[in-house]
Amino acid sequence: MPVKLDNNCDLSRHVIILTGATDGFGKDMARILAGFNPKKLILPARNKEKGNNLLEYIKSSNGHANNVEIWEMDLADLQSVKNFANKFINEIGELHILFNNAGIMINNQVIKTKDNLELQFQVNHLAPFLLTLLLLDTIKKSVSAELPGKIAFTSSGAQRKGIIDFDNLNLEKGAYLRPLQGYSNTKLMNVIVAKELSHIVQNENITTYSLHPGVIQSNIGHMNSGISNFFLGLFVKMYEITSEQGATNTLYPVLSPDNKETGKYYHEGIEREPNKIVDDQEVTKKLWDISEQILKDHEMI
């Protein structure tokens, strides 16, 4: 049975950041969150026109856009992420909920960012990891036992097929022997980071989540073409749910007062066991340390 949100949810004391809101079910996440009257809802957008369209969509859908702001950020540019975080800390300085929702799916090709990193590795894993690290102190200072913090990573059921290959984290060598392997790997990284972060902030009144929204028709694989994209389209048509239900599935575990356990993985709003690799502490620590080192090498932290 599909999960449902409490329509009386009140976020009037919460400052929220939601990435990936300009496309797909992220738009519905933004609309729903705006309807719960947040103190402030910041929606990063790479494309200014899409950001403006999103704001108009929210206004036309429920009219609750007074506390919604569109800010510029490009996850494919680490400096852009750092600039966003610095601006947020200086101008807002308060954060209660961070939804790392943005993602991209690429198949059978390697696309590099300006940071010389594979696009999926950066957009799906490293950039949200950086954003979270940069804003973590702000969240810690903002939350309390009465007003706890939430950090969520939108993962995917594909994480079950993911592997962590430390000789190929940047997905350049043999990551495409199986369809969507690179995507699966980065979605597994989301689950690992959420779990490890739960240990790091366990005494800070912060709960972490990783979430599979369900199969939804979206723009996530817009860079794919050819036969692999054709079969992916068929798969989506067989199993897809509505964008609104996908948004609800992603928001429900985070907004529900019943989910007090931290570091858990949720499949369509219901707690499930993720890939067994998530419980491997050696792999988890190594992924965290290497990710931090890459960001240090790029002078981001």
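Throughout, read-outs are computed from the coordinates displayed, never taken from laboratory work. What you see is a predicted model; the values in this text were computed from it and never measured. Cβ: placed from backbone, ideal geometry, glycine included. Neighbour counts: every protein chain shown.
Charge dipole of the range 15-297 (Cα centre as origin; +1 on each Lys and Arg Cβ, -1 on each Asp and Glu Cβ, all else neutral): 300 debye, rounded to the nearest 20.
Listed by chain and number, the lysines whose alpha-carbon sits under 24 Å from that of Lys27, ignoring those within fewer than 8 places in the same chain, are Lys4, Lys39, Lys40, Lys48, Lys50, Lys59, Lys82, Lys87, Lys150, Lys187, Lys237. Expressed to the nearest 5 percent, the antiparallel share of DSSP beta bridges inside the chain is 15 percent. Summing charges over all other residues whose Cβ lies under 12 Å from the Cβ of Pro148, with Lys and Arg as +1 and Asp and Glu as -1, gives +2.
Helical content of the chain, expressed as a calculated mean residue ellipticity at 222 nm, amounts to -13000 deg cm²/dmol (DSSP H runs of 4 or more residues, -39,500 (n - 2.57) each, divided by residue number, nearest 500). Ranking of Ile58, Ile301, Ile216 by neighbouring Cβ atoms within 10 Å, starting from the fewest: Ile301, Ile216, Ile58. In the chain, Cα pairs under 8 Å separated by at least six residues give a relative contact order of 20 percent. With r defined as the distance between the Cβ atoms of Glu204 and Glu172 and R0 fixed at 25 Å, what FRET efficiency is calculated, to the nearest 0.05? Calculated transfer efficiency: 0.10.
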